[in-house]
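Report on the following structure.
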Amino acid sequence: MCGFEVDGYLFIFFKPNGFVGTLPQIESPAMEERDIDSLVESLKQRKHNDIAIPTCVSLSVTKVRANGIGTVNARLFVGTAEKIPPSEVIDTTGAGDAFIGAVLYAICTNMPPEKMLPFAAQVAAAGCRALGARTGLPHRTDPRLASFLH
């Protein structure tokens with residue numbers, strides 16, 4: 001597990017289980033403290049594995065405990081990747097960088113986290129459909145991004 005914080009968002013990565021994003025919230029002593037592993041497991045059970053497009057599931061604000069970061073009040077989000085048919089995957093070089101770049105763009109444009117993770121997954125998936133790290137990256141006018149940008 002590794003993590004970093006940008007503009008109030010704490011991002012935690014679990015390999016190979018994927019990505020979890022949290023948004024720290026105001027302290028509330030009434031919340032029950034929960035281990036991040038059990039919370040992530042409950043979120044994974046709620047995600048729809050039969051949908052091909054990127055999605056996001058979330059929990060309400062919870063007191064989260066994790067090794068390495070301690071305890072924070074947070075709202076957890078788990079994003080899914082686009083299910084790209086193997087025949088369409090050309091090159092995954094730069095997919096992670098594209099994802100992080102799209103997350104940073106989403107933060108700068110005040111995109112809500114529920115939209116941010118599927119948006120970033122869509123950008124990363126688009127880049128996997130072309131050779132090289134940049135040639136397949138979508139532009140703002142790309143129809144695949146329209147639902148995220150309006």
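The values are calculated or read from the model by the stated rules, or taken from the named source; none is laboratory data. Quantities reported herein were computed from a predicted structural model and do not represent experimental measurements. Glycine gets a Cβ as well: all are built from the backbone with ideal geometry, and neighbour counts include every protein chain shown. Only protein heavy atoms, including side chains, enter the accessible area calculation; ligands, DNA and RNA are left aside. Shrake-Rupley method; radii C 1.70, N 1.55, O 1.52, S 1.80 Å.
With a 1.4 Å probe and every protein chain left in place, work out the accessible area per residue of region 48-96 in Å², rounded to a whole number. The partial results should precede the final answer.
Working: 2590 Å² over 49 residues.
Here the residues of region 48-96 average 53 Å² of exposed surface.
For region 73-143, what log10 I(q)/I(0) values come out of the Debye formula at q = 0.13, 0.14, 0.17, 0.22 1/Å, with one point per alpha carbon and no solvent?
After summing over all Cα pairs, the log10 values are -0.37, -0.42, -0.60, -0.94.
Between the DSSP loop rule and a limit of at most 13 other Cβ atoms within 10 Å, which trypsin sites (Lys or Arg not before Pro) in region 58-150 are left? Provide the component values of the computation, followed by the final result.
Details: sites: Lys63, Arg65, Arg75, Lys83, Lys115, Arg129, Arg134, Arg140, Arg144; in loops: Lys83, Arg129, Arg134, Arg140.
Listed in order of number, the matching sites are Lys83, Arg134, Arg140.
Each residue of region 134-150 in order: what ³J(HN,Hα) in whole Hz does its phi give by Karplus 6.51 cos²θ - 1.76 cosθ + 1.60, θ = phi - 60°, with x for Gly and Pro?
Taking θ as phi minus 60°, the curve returns 10, 4, x, 5, x, 9, 4, 7, 4, x, 5, 9, 3, 5, 8, 9, 10 Hz for region 134-150.
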